[in-house]
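**Student:** This is the structure I have questions about; it appears just below.
The values are calculated or read from the model by the stated rules, or taken from the named source; none is laboratory data. Treat the numbers as computed from the prediction; the structure is a model and nothing was measured. Don't worry about glycine lacking a Cβ; one is built from the backbone with ideal geometry, like all the others, and counts go over all protein chains shown.
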């Protein structure tokens, strides 16, 4: 686990260095440790080092881990595609969902969240390219989705999330993140109160921080290459 702790401190240093370089407030960017395919023991090791928030993509796998580390007060974020038959488990076991794309998903999440009491924090996933295999809301469809979400009592709309295409080069990476930032600022100018930009991963976190990310989602940079799963 020594490598995991070393990686953790390296990632934190990258985040803090980017905050300083791009005139962000110190501590304004949060690390979300993407623990999909990794073990409860690794999660506990990171938690002991100070990491509180963890992201999972697969509901079945996540529920096993949540049970295994239930003695810890961790904050769990769902960052994978939302399947209708999994919305109850997502709504009742996670504090955040970053990948809302459709009003039907939002309606299911709100209904199942009612038994928890407090609202579920959500981000709308925005699609910034034309890749048909990627999930996300087209820019033109965002206002209507927000209007619908705001009628749901057990959801709290926090912000926007994106998963841009993999590109090399800082300026090319930054171009995609700037599109999300522009939408974020436009919506707030129109009266929304969004406070979260979930964007940036291991290879492009600096570009994301430069464009206003408040949460960066880091997996490989912490845990190393992951095993493939479809659970």
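**Student:** Pairs only if they're at least six apart or on different chains, beta carbon under 6 angstrom, first in the stretch 169-181 and within 19 Å of residue 193 (Cα to Cα), second modelled with pLDDT under 95 and surrounded by 15 or more Cβ atoms within 10 Å (Cβ to Cβ); list them, first residue then second.
**Tutor:** Within 6 Å, the pairs are 179/128.
**Student:** Also, I was wondering about something else. Of the residues in the stretch 112-126, how many are out of contact with any helix residue (DSSP H, G or I) (no Cβ under 8 Å at 6 or more places or on another chain) and at pLDDT 95 or above?
**Tutor:** 5
**Student:** Kindly list, by first and then second residue, each pair from a residue in the stretch 60-74 that is free of Cβ contacts under 8 Å to residues at least 24 places away in the same chain to a residue that is surrounded by 14 or more Cβ atoms within 10 Å (Cβ to Cβ) and in a loop (DSSP other than H, G, I, E, B), limited to pairs with Cβ atoms under 9 Å and residues at least 6 apart or on different chains.
**Tutor:** 73/52
**Student:** Residue under question is residue 142, and the condition is that it be in contact with a strand residue (DSSP E or B) (Cβ under 7 Å, 6 or more places away or on another chain) and in a helix (DSSP H, G or I); does it hold?
**Tutor:** Yes, satisfied.
**Student:** So how many residues does the stretch 191-209 have that are over 14 Å from residue 124 (Cα atoms) and touching a residue at least 12 places away in the same chain (Cβ under 8 Å)?
**Tutor:** Of the residues in the stretch 191-209, 10 are over 14 Å from residue 124 (Cα atoms) and touching a residue at least 12 places away in the same chain (Cβ under 8 Å).
**Student:** Can you tell me which residues in the stretch 149-180 are over 21 Å from residue 94 (Cβ atoms) and in a helix (DSSP H, G or I)? Steps first, please.
**Tutor:** Going residue by residue through the stretch 149-180, those that are over 21 Å from residue 94 (Cβ atoms) are 151, 164-180.
Listed by number, the residues that qualify are 170, 171, 172, 173, 174, 175, 176, 177, 178, 179, 180.
**Student:** Of (1) assigned to a helix (DSSP H, G or I); (2) under 13 Å from the mean Cα position of the chain (by Cα), residue 99 satisfies all except one. Which?
**Tutor:** (1)
**Student:** Just to verify a result, which residue in the stretch 134-164, among those that are in contact with a helix residue (DSSP H, G or I) (Cβ under 7 Å, 6 or more places away or on another chain) and farther than 17 Å from residue 97 by Cβ, is surrounded by the most Cβ atoms within 10 Å (Cβ to Cβ)?
**Tutor:** Looking at the filtered set, the residue picked out is 164.
**Student:** Filter the stretch 102-119 down to the residues that are part of a loop (DSSP other than H, G, I, E, B), without any contact (Cβ under 8 Å) to a residue 40 or more places away in the chain and touching a strand residue (DSSP E or B) at 6+ places or on another chain (Cβ under 9 Å) and list them by number.
**Tutor:** Hits for the stretch 102-119 are 118, 119.
**Student:** While we're looking at this one, here's another question. Considering only the stretch 165-176, I want to know if a residue exists there that is at pLDDT below 95, surrounded by 15 or more Cβ atoms within 10 Å (Cβ to Cβ) and either under 21 Å from residue 33 (Cα atoms) or under 14 Å from the mean Cα position of the chain (by Cα) (or both).
**Tutor:** No - not one qualifying residue is present in the stretch 165-176.
**Student:** Also: Taking residue 19 as meeting all but one of (1) loosely packed, with under 15 Cβ neighbours inside 10 Å; (2) farther than 19 Å from residue 121 by Cβ, write down the number of the exception.
**Tutor:** (1)
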